[in-house]
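Participant: Below you'll find the structure I mean.
The values are calculated or read from the model by the stated rules, or taken from the named source; none is laboratory data. If you're wondering where the values come from, they're calculated on a predicted model, not measured in any experiment. Cβ coordinates were reconstructed from backbone atoms using ideal geometry, including for glycine residues, and neighbour counts include every protein chain displayed.
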Amino acid sequence: MATSTQSDPRYVDDYGIERSHQDEPGMVGKLRERSETIDHVMRMHERYSSMGGNQYSAGITYFSVLSIFPILMLVVAAIATFLARSPELLTELQEQIASTVEGEMGNLVNDILDTAIEQRGAVAGVGLVVTLWSGLGWMHNLRYGVSKIWKVDPTAVGSFLRNKTSDLLGLFGLLMALGIAFAVTAVGNADLAGKLLNLIGLGDIPGISWITFIVVLVVGILANFLVMAWMVFYLPRTKVPRKPGLQAAFLGAVGFEAVKQLGSVFFSNALSNPAGATFGPIIGLMVVLYFTWRILMYASAWAATDSASMELMEAPIPDPAIIRVRQELTPAPIVGNSAALGIGAALGALGAGLIALIRRK
């Protein structure tokens, strides 16, 4: 049975010929044509995926966890210094440890505390050096990932000294911003908020817990907005337009608050059992940091794919072409063996004929 084709009457011209045409867009394509917001969301996701947003988020999470431990060393050294200058507070703390932790474990904890106080200088020195080394690497990789979302090579902008100085200032700013953001969420925790309300005598007011939660939530989003705005505008090594940057900061602030709320629920449940108390904190910390950096990458992709940002982007200039002029000489043809044999035979026959002619004369 012979196959047959039939023209689509929608694309047949006056001559009866079906002309080439573009395929009709699918459901998502039609939605993108109708709504600029949906088109922007799709552009954001395409930029995030094409530039490796998940991979950068995972790598930044590794460097974040690596930087936290030397920071904790500095915190321990600071607490040890404070306790060394307050003998009465130190004695009270050791008595509480001895009464709370029974047996040899209490003595072990007090010995560790005494050792930390005696070696606070060495702990602070080592912690400071390692914090600078790992923290600068953390900030460099964070800025590298965000800049790549903007399709900018961060290594081609600025000098080495200037970039490292900027990373150092950014590290201090990032630690302060994240500390404030998580502190606001910690204050809004139900147990801690209830204790604070009872302490000031407002715990018996009807509905006070919901009012406190809403207020803390709004304040937390505001703090997150400041944190995200700082990261969206400061981290990429390129100019960020104000309007899309602020929009990205707001979207990131809402997502960041959701991650913090889920993280607080996870930590409160994980610390309630021995197994969770052993492995829960580090696992929960890695998950929270991973989703935090994913939100930052998505927020940066939103700002980078805005129409105003795309108009400011400069097309990459290709490297100059190198034209090499080469002159080739064609060698003279070489007579083959068969041709040489033919010429030799002809010359031999000619010579034989001449000899015969001479003898006749």
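Participant: Quick test of your reading of the structure: ILE117 fulfils all but one of (1) within 14 Å of the chain's Cα centre (by Cα); (2) assigned to a helix (DSSP H, G or I). Name the failing condition by number.
Facilitator: Condition not satisfied by ILE117: (1).
Participant: In region 281-311, which residue that is closer than 16 Å to VAL254 by Cβ and of a type in the set (S, T, N, Q) is surrounded by the fewest Cβ atoms within 10 Å (Cβ to Cβ)?
Facilitator: Taking the candidates together, the pick is THR292.
Participant: Does region 205-221 contain at least one residue that is modelled with pLDDT of 85 or more and part of a helix (DSSP H, G or I)?
Facilitator: yes
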